[in-house]
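Asker: This is the structure, below, for whatever I ask next.
Since every read-out is calculated from the coordinates, none of them should be taken as a lab result. All of these numbers come straight from a predicted model, not from anything done at the bench. Cβ: placed from backbone, ideal geometry, glycine included. Neighbour counts: every protein chain shown.
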Amino acid sequence: MDKDQDQEVQCAECVKQKHIQNLQQKQQRKNDQIPFEENNYTHNIRKGDERLLDRRAFMKTMVGAAGVFAVSTLPWGALAVKGLAGGGHQDDPPLRITDIADLPVGEAAKFAYPGKHDSALLIRLSENEYKAYQNACTHLKCPVFWSKEKDELVCPCHHGAFDARTGKPTAGPPQRPLPEVLLRQEGGAVYATGVKHYET
Amino acid sequence: MKRSWRGVILLCIVLFLNIICTQKAVNAYYFEHYRSVIMYALFNILLFPAAYLIYRRERDVR
């Protein structure tokens with residue numbers, strides 16, 4: 001009885017060992033397989049970089065960009081509130097730009113109005129026709145210059161162009177006209193008297 | 001692994017609206033339409049939590 005039991009135990013041991021051997025062999029074969037079996041479908045991604053901009057990272061970037069845009073409009077909102085609270089415009093004091101004799105037809109003179117950092121251009125279009133604009137491009141504030149050859153105001157940064165007679169953009173990225181400076185001729189000189197506000 | 005592009009498309013739309021609102025706000029400021037500026041700025045700010053909610057909903061989908 002005892003012998004039988006021993007044999008049975010030994011056999012059971014044999015079966016177990018055989019089973020383990022089988023399993024090991026199977027595992028060996030499985031590990032040797034190419035491609036290596038995985039269940040997350042990412043075994044074929046070899047470069048770390050490929051995972052940097054997956055779908056989720058892209059969505060995170062978009063949310064971040066939305067945040068940046070939200071913050072970037074805050075100063076404009078604050079300025080608008082200030083503008084609403086401030087009410088109407090205050091009149092700027094007149095400024096003598098240049099003598100008429102110093103400005104030949106087709107030439108331009110640079111000045112600053114109303115503040116000393118608000119650079120502007122006075123253009124003598126014909127004998128008695130003067131136009132002045134604040135010459136910060138309405139796209140990204142590059143200084144616009146007067147091109148006599150092209151007969152228009154040109155922004156060198158992104159090839160924007162403005163009509164010298166109306167200040168309206170004619171080419172390139174700018175969308176708004178240049179702010180026009182109001183002029184007055186008096187005693188052989190040209191004076192700036194104010195900045196014309198947009199009419200819409 | 002189920003893949004859904006809904007969130008990506010919605011976020012693209014949100015970002016597009018962001019760009020439009022920023023542009024409109026800046027232009028309205030120079031045209032001195034201050035009320036419009038405040039409206040666009042508020043809308044832009046509201047778009048941010050909207051974008052975050054869209055992201056959260058997509059992330060938590062199982």
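Asker: Using a 10 Å cut-off on Cβ to Cβ distances, tally the other chain neighbours for every residue of B:53-61 and report the average as a whole number. Walk me through the intermediate numbers first.
Answerer: Working: counts 1, 4, 7, 2, 0, 3, 3, 0, 0.
What the average comes to for B:53-61 is 2.
Asker: Which ³J(HN,Hα) values, rounded to whole Hz and listed in residue order, are derived for the stretch A:127-141 from phi using the Karplus coefficients 6.51, -1.76 and 1.60 in 6.51 cos²θ - 1.76 cosθ + 1.60 with θ = phi - 60°, glycine and proline given as x?
Answerer: Values, residue by residue: 3, 10, 10, 10, 9, 9, 9, 5, 9, 8, 4, 7, 8, 9, 6 Hz.
Asker: Starting with the highest mean, order A:115-125, B:42-52 by the number of other Cβ atoms within 10 Å, averaged over the residues of each peptide.
Answerer: Sorting A:115-125, B:42-52 by mean packing, highest first, produces B:42-52, A:115-125.
Asker: For the pairs A:Lys60/A:Lys82; A:Lys141/A:Lys196; A:Lys60/B:Lys24; A:Lys110/A:Lys196; A:Lys148/B:Lys24, note any where the Cα-Cα span goes beyond 29 Å.
Answerer: The pairs that break the limit, which is 29 Å between Cα atoms, are A:Lys60/A:Lys82; A:Lys148/B:Lys24.
Asker: Considering only the other residues whose Cβ falls under 15 Å of the Cβ of A:Asp92, what net charge follows from Lys and Arg at +1 and Asp and Glu at -1? Show your work: numbers first, answer last.
Answerer: Working: positive: A:Arg96, A:Lys116, A:Arg184, A:Lys196; negative: A:Asp91, A:Asp118, A:Glu180.
Neighbourhood net charge equals +1.
Asker: Per-residue HN-Hα couplings for the stretch A:65-71, Karplus 6.51 cos²θ - 1.76 cosθ + 1.60 at θ = phi - 60°, whole Hz, x for Gly and Pro?
Answerer: Once rounded to whole Hz, the list reads 5, 4, x, 4, 4, 4, 5.
Asker: Please state the relative contact order of the stretch B:6-60 as a whole percent: Cα pairs under 8 Å, 6+ residues apart?
Answerer: 44 percent
Asker: Per residue of the stretch A:96-106, what does 6.51 cos²θ - 1.76 cosθ + 1.60 with θ = phi - 60° give for ³J(HN,Hα)? Whole Hz please, x for Gly and Pro, Karplus curve as stated.
Answerer: 3J(HN,Hα) across the stretch A:96-106, in whole Hz: 7, 8, 7, 7, 4, 5, 7, 10, x, 4, x.
Asker: Can you list the residues, at least 5 places off or on another chain, whose amide H is less than 5 Å from the amide H of A:Cys137, using H built in the peptide plane?
Answerer: Under 5 Å from the amide H of A:Cys137: A:Cys142, A:Val144.
Asker: Still on this structure, I have one more. Calculate, for A:Gln21 and B:Cys12, the FRET efficiency according to 1/(1 + (r/R0)^6) with r their C-beta to C-beta distance and R0 41 Å; round to the nearest 0.05. Spell out each step's value before the answer.
Answerer: Values: r = 57 Å, r/R0 = 1.39.
Working from the Cβ atoms, E equals 0.10.
Asker: What is the average number of partner chain Cβ atoms found within 10 Å of a Cβ in B:30-38?
Answerer: The shielding value for this peptide is 6.
Asker: Let me ask you something else. To the nearest 20 debye, what is the magnitude of the charge dipole of chain B about its Cα centre, counting +1 on the Cβ of each Lys and Arg and -1 on the Cβ of each Asp and Glu?
Answerer: 460 debye
Asker: On to the next question. Using label points projected 7 Å from each Cα along Cα→Cβ, tell me how many nm separate A:Asp92 and B:Arg59, to one decimal.
Answerer: 4.9 nm
Asker: Shielding by partners for A:77-86, please: the mean number of other protein chain Cβ atoms within 10 Å of each residue's Cβ.
Answerer: Taking all residues of A:77-86 together, the mean is 5.
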